[in-house]
Amino acid sequence: MSANGFQRYIIAAANLAEAEQIAQDNGLRRREWTYAYCGYPTRQLKDGLRVDSEDKLLGDFKPEERWLLTAHLDKGRTHDV
């Protein structure tokens, strides 16, 4: 987590190994990203994740997940999922 409380990058993937590959493909070191999910066998977004811009989301996020992680960026948006 950065000094302002935001994650640098959040990665959505089917599993941690895929997330590591996405990070590697994007030139990220391990401390520069976090895996978006917890809970096995059902995946759910980890609590408290935020980004400081939408381009910090990598991988296959569902539209409602992307909205949850970035809702604080634009107070005028509506949730159209």
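Here is the figure for the range 58-67: residues that are open to solvent by 70 Å² or more (accessible area, probe 1.4 Å) and under 11 Å from residue 10 (Cβ atoms) total 0.
Between 55, 47, which is in a loop (DSSP other than H, G, I, E, B), open to solvent by 60 Å² or more (accessible area, probe 1.4 Å), without any contact (Cβ under 8 Å) to a residue 60 or more places away in the chain and charged (D, E, K, R)?
47 is the lone residue from the list that is in a loop (DSSP other than H, G, I, E, B), open to solvent by 60 Å² or more (accessible area, probe 1.4 Å), without any contact (Cβ under 8 Å) to a residue 60 or more places away in the chain and charged (D, E, K, R).
Each residue in the range 1-31 was checked for being assigned to a helix (DSSP H, G or I), surrounded by 11 or more Cβ atoms within 10 Å (Cβ to Cβ) and at pLDDT 95 or above, and 7 pass. Of the residues making up the range 58-81, those that are outside any helix (DSSP H, G or I) and modelled with pLDDT of 90 or more number 5. Whether a residue is β-branched (Val, Ile, Thr), over 27 Å from residue 74 (Cα atoms) and without any contact (Cβ under 8 Å) to a residue 40 or more places away in the chain was assessed, and residue 42 passes this test. Within the range 32-57, restricting attention to residues that are of a type in the set (S, T, N, Q) and touching a Leu at 6+ places or on another chain (Cβ under 8 Å), the residue that is modelled with the highest pLDDT is 34.
The values are calculated or read from the model by the stated rules, or taken from the named source; none is laboratory data. Everything numeric here is computed off the predicted structure, so don't read it as measured data. All Cβ positions, glycine included, derive from the backbone under ideal geometry; neighbour counts span all protein chains shown. Just so you know, the surface numbers come from the protein's heavy atoms only, side chains and all, with ligands and any DNA or RNA stripped out. Shrake-Rupley method; radii C 1.70, N 1.55, O 1.52, S 1.80 Å.
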